[in-house]
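> The structure follows.
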Amino acid sequence: MLYQLLIINKAGGLVYQHIFPQTRAGGTSAASPSPNSNDFLMLAGTFHSIHALVAQFSPVADSSGLRVLESSHFTLFCFQAPTGTKFLLVTIPLSGLQSASSVISHHVTQTGRTVPTSLHSGPPNLHAVATAAWREIYLAYGAFVARDPFHVPEMPIRCSRFDAAVSRIGQRASSGIY
Amino acid sequence: MSSLPGFHLSSSSLPPTSQNAGAQAGSSGDAVVATGTMTPGQQQPTAAAAAQMRAATAAVAAAAAQPTRKNPAQRSVRKGPNIYGRVSLAALAFLFSEIVKMANEAGGGIEKIEQRLFEVGYSVGIRAVELAYIRGSGLGEQSTPLLRSTTIVEILQIIQTVLFPMLYGTRLGPIERDTSRNHYYLIDDDPVVSQFISVPADMKDLNCGAYNAGIIAGFLERAQFPASVSAHNHASKDLPSRTVYMVMFEQSVHDRCKRLESGGSWSPINSPTGQ
């Protein structure tokens, strides 16, 4: 259900990465050619710029930037906290059998009323599930990161309790609770 | 004795009269303003303005109708946490987080940090004794007063069943005793103060329960049971932040207990440990 959680601080640096364990029929993990952590740092910075660019492209004022990135193999949801911290949630694709070309779809209004039509063709309520999971993650972030005296704001997150909470959320998401 | 009359005078003249008078003047002043603009003399009230006025006076009335918050000094200390109001866990967590941050940034090793947390807790503990006995007496309907604890077991049970519920809303775990060394262990399965704290790997011996150890030490000191208290990690698989507070009473406490058992009288201990 959930593949990965990435947290990008407001300067565009990757501060947290959690890869949810995947199990598939046959016992092998869904191993993708995994980039190393340095690559992820670069990707996070690139995403940060693209997010800002998308907001610039928007024909409507006050665009909140990229919200959903959809591909044949995964869907990427981007949730932004009021502080500018971005939570990227990589999940299963909306529809696994779509054409291989990636489609970037995004909301142009802040309210996000214009939902791309492709969102309705996938598994039911993927958007709702991802949003619910993100809410839980954000609560855990507020509890275990913001209140941790050893965490420095905008710096990489090394909080064991947050790790544990995110793992629990991943398990619950894969068991279909959300 | 000479200071008593002065204290009495100031206490009787200050809180109730001046506070109430101020509050009444404030509310009646509002009312005068509201009705004053309603009088026909200076008016040209359009319908909208009149409606606004009515809304404003209604708001004033509503504010007046609300039960006025008592001066905290006038509230009963007997009332339990349900009536007295509770502090939110988030507020406590943020405050304690800042305390730990301060203790950490002041430098020094883990022992130094724990020592600082201990001192903060100590100042809480010595103030908690009177309140704990009053609150503990107020529990239950018939409110039998708690008497002064004279034995080690009694005072530890007060900590377990009165002090910690008063501070954190939960009882402390079981009390254990190492008879060979006369150590007592208070077990805290999940200390409230460290619920949101992830101690980094490079200082994993740090236990923020040192703050609670300080509270216990201050409490015991003020209750005439001087002891040295320390917090130790005692994690298990299910309870990663389980903490044990080790209590070592001074020899004078043990001596007094023995004397009491053999029919002697209780006496305060003027402890040399002026921490």
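The values are calculated or read from the model by the stated rules, or taken from the named source; none is laboratory data. For clarity, every value in this text was computed on a predicted model and none was experimentally measured. Cβ coordinates were reconstructed from backbone atoms using ideal geometry, including for glycine residues, and neighbour counts include every protein chain displayed. The protein model used for the area step is the full one, side chains on, heavy atoms only, and it has no ligands, DNA or RNA in it. Shrake-Rupley method; radii C 1.70, N 1.55, O 1.52, S 1.80 Å.
> Which residues does a label at B:Glu261 reach in segment B:144-161, if reach means a backbone N under 17 Å from a point 7 Å past the Cα toward the Cβ?
Zone members listed by number: B:150-156.
> In a shell of Cβ-Cβ distance under 13 Å around B:Val120, excluding B:Val120 itself, what net charge do Lys and Arg (+1) and Asp and Glu (-1) give?
Working: positive: B:Lys101, B:Arg116, B:Arg127; negative: B:Glu98, B:Glu114, B:Glu119.
Taking every Cβ under 13 Å from that of B:Val120, the sum is 0.
> While we're here: Give the long-range amide H neighbours of A:Val15: residues separated by 5 or more places, or on another chain, with amide H under 5 Å away, using H modelled in the peptide plane at 1.01 Å from N.
Those lying under 5 Å, H to H, from A:Val15 are A:Ile7, A:Ile8, A:Asn9.
> Follow-up. Am I reading the A/B interface right? What is its buried accessible area, both sides, 1.4 Å probe, to the nearest 100 Å²?
Details: alone 10230 and 17280 Å², together 26250 Å².
By this definition, chains A and B bury close to 1300 Å².
> Now for a separate question. Roughly how many nanometres apart are two label points built 7 Å out from the Cα toward the Cβ at B:Leu131 and A:Asp39?
The two pseudo-label positions are separated by 5.7 nm.
> Just to be sure I follow the rule: in segment B:88-261, considering lysines 8 or more places apart or on different chains, how many pairs have Cα atoms under 19 Å apart? Can you show the working numbers first?
On the way: B:Lys101/B:Lys112; B:Lys101/B:Lys204; B:Lys112/B:Lys204; B:Lys204/B:Lys237.
Lysine pairs meeting both conditions in segment B:88-261 amount to 4.
> Count charges around B:Ala106 for me, please; just the other residues with Cβ under 9 Å from its Cβ, Lys/Arg as +1, Asp/Glu as -1.
Values: positive: B:Lys112, B:Arg116; negative: B:Glu105.
After counting each charged neighbour, the total is +1.
> What number comes out for the charge environment of B:Ser198, summing +1 per Lys or Arg and -1 per Asp or Glu over other residues with Cβ under 11 Å away? Write down the numbers at each step before the final one.
Values: positive: A:Arg147, A:Arg158, A:Arg161, B:Lys204; negative: A:Asp148, A:Asp163.
Residues close to B:Ser198 contribute a combined charge of +2.
> May I ask you to compute the full-extension gain from A:Ile50 to A:Ser160, defined as 0.36 nm times their residue separation minus their alpha-carbon distance, rounded to one decimal in nm? Kindly include the intermediate steps, with their values, before the conclusion.
On the way: separation 110, 0.36 × 110 = 39.60 nm, distance 3.08 nm.
Length gained between A:Ile50 and A:Ser160: 36.5 nm.
> In whole Hz, what ³J(HN,Hα) sequence does segment B:180-189 give by Karplus (6.51, -1.76, 1.60; θ = phi - 60°), x for Gly and Pro?
5, 10, 6, 9, 10, 10, 9, 9, 10, 5
> Distance from a point 7 Å along Cα→Cβ of B:Ser236 to each backbone N in segment B:191-207: keep the residues under 17 Å and list them by number.
Within reach of a label on B:Ser236, which here means backbone N under 17 Å from a point 7 Å along Cα→Cβ, segment B:191-207 contributes B:191.
> Let me ask something else about it. Is there a simple number for the mean count of other chain Cβ atoms within 10 Å of the Cβ of residues in A:135-144, and what is it? Walk me through the intermediate numbers first.
Numbers: counts 0, 0, 0, 0, 0, 0, 0, 2, 5, 5.
Taking all residues of A:135-144 together, the mean is 1.
> Oh, and also: If each residue of separation counts as 0.36 nm, what is the full-extension length gain between A:Ser175 and A:Gln22 once their alpha-carbon separation is subtracted?
On the way: separation 153, 0.36 × 153 = 55.08 nm, distance 1.22 nm.
So the chain would gain 53.9 nm between A:Ser175 and A:Gln22.
> Something else about it: First measure r as the distance between the Cβ atoms of B:Ile110 and B:Arg177, then evaluate 1/(1 + (r/R0)^6) with R0 = 30 Å and state the FRET efficiency to the nearest 0.05. Write down the numbers at each step before the final one.
Values: r = 28 Å, r/R0 = 0.92.
Efficiency for this residue pair is about 0.60.
> Scan segment B:167-269 for chymotrypsin sites (Phe, Trp or Tyr not before Pro) in coil per DSSP, keeping those whose Cβ has at most 15 other Cβ atoms within 10 Å, and list them by number. Could you put the intermediate results ahead of the total?
On the way: sites: B:Tyr168, B:Tyr184, B:Tyr185, B:Phe196, B:Tyr211, B:Phe219, B:Tyr245, B:Phe249, B:Trp266; in loops: B:Phe196, B:Trp266.
Passing both the DSSP loop test and the Cβ count: B:Trp266.
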